[in-house]
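The block underneath contains the structure these notes are about, expressed in structure tokens.
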Amino acid sequence: MADKKKMKIKKGDTVKVLTGKDRNSIGKVIAVYPETERVLVEGVNRVTRHTKAGQSARGTRTGGLVVQEAAIHVSNVAVVDPDDKKLATRIKTRVETVERNGRTKTVRTRVAVRSGKDL
């Protein structure tokens, strides 16, 4: 079994597409798939699926052409800088030691390289 890969992009991040047919599109990450290194971005890489006709529980017919998002590789997206909301940025991790109730704890915070703001 393959090791689970660490990805810097998380669910809920706002990302910008760097390459492909949806280049420069900005969307929110719906799902992250670390085993295949892919992300599902809202409104990006929309494909048409042919679904088989069937009946739902209430008796309505379903099926036909459905347009939905498909996953894209994580290397083709970059997190949008929280400062200006348009430019892509890299992510670094800031490690801090916090002392609470006599205990020291390390806290990891994701930080935008471009502006230095927390994500």
* Theoretical FRET efficiency, 1/(1+(r/R0)^6), r = Cβ-Cβ of residue 6 and residue 70, R0 25 Å, to 0.05 -> 0.60
* Structure fact -> Sequence order, the range 86-99: Karplus ³J(HN,Hα) from phi using 6.51 cos²θ - 1.76 cosθ + 1.60, θ = phi - 60°, Hz rounded, Gly and Pro as x, gives 10, 8, 7, 9, 8, 10, 10, 10, 9, 9, 10, 9, 10, 10
* Asked: Which whole-angstrom value gives the distance between the alpha carbon centres of the range 102-116 and the range 23-79?
  -> 32
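Order the peptides 17-29, 63-75, 94-106 from the highest to the lowest mean number of other Cβ atoms within 10 Å of their residues.
Working: 17-29: 15.2, 63-75: 12.8, 94-106: 7.9.
In descending order of packing, they fall as 17-29, 63-75, 94-106.
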* Asked: Say we join alpha carbon atoms closer than 10 Å with springs in a Gaussian network model of the chain; which of 46, 108, 58 then has the biggest fluctuation?
  -> 58
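Let me check I've understood the local charge: for residue 87, count other residues with C-beta under 10 angstrom from its C-beta, Lys and Arg +1, Asp and Glu -1. What total comes out? Intermediate results must be reported in sequence, preceding the final value.
Details: positive: 16, 85, 86, 114; negative: 81, 83, 84.
Net charge in that neighbourhood comes out at +1.
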* Any idea how far apart residue 60 and residue 115 come out in nm if each label point goes 7 Å out from Cα toward Cβ? -> 4.1
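Find the relative contact order for the chain and round it to a whole percent, using C-alpha pairs within less than 8 Å whose residues are 6+ positions apart. If you can, show how the numbers build up before the last one.
Details: 225 pairs, mean separation 22.7, N = 119.
Dividing the mean separation by the residue count of the chain yields 19 percent.
With a Förster radius of 35 Å, plug the Cβ-Cβ distance of residue 92 and residue 21 into 1/(1 + (r/R0)^6) and report the FRET value to the nearest 0.05. Walk me through the numbers on the way to the answer.
Values: r = 30 Å, r/R0 = 0.86.
Plugging the Cβ-Cβ distance into 1/(1 + (r/R0)^6) gives 0.70.
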* Structure fact -> In whole angstrom, largest first, the equivalent ellipsoid semi-axes that the Cα gyration tensor gives for the chain are 36, 20, 14
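FYI, it's all coordinate maths here, none of it is from the lab. Computed from a prediction, not measured in an experiment: that's the story for all the values here. Neighbour counts run over all protein chains shown; Cβ positions are idealised from the backbone, glycine included.
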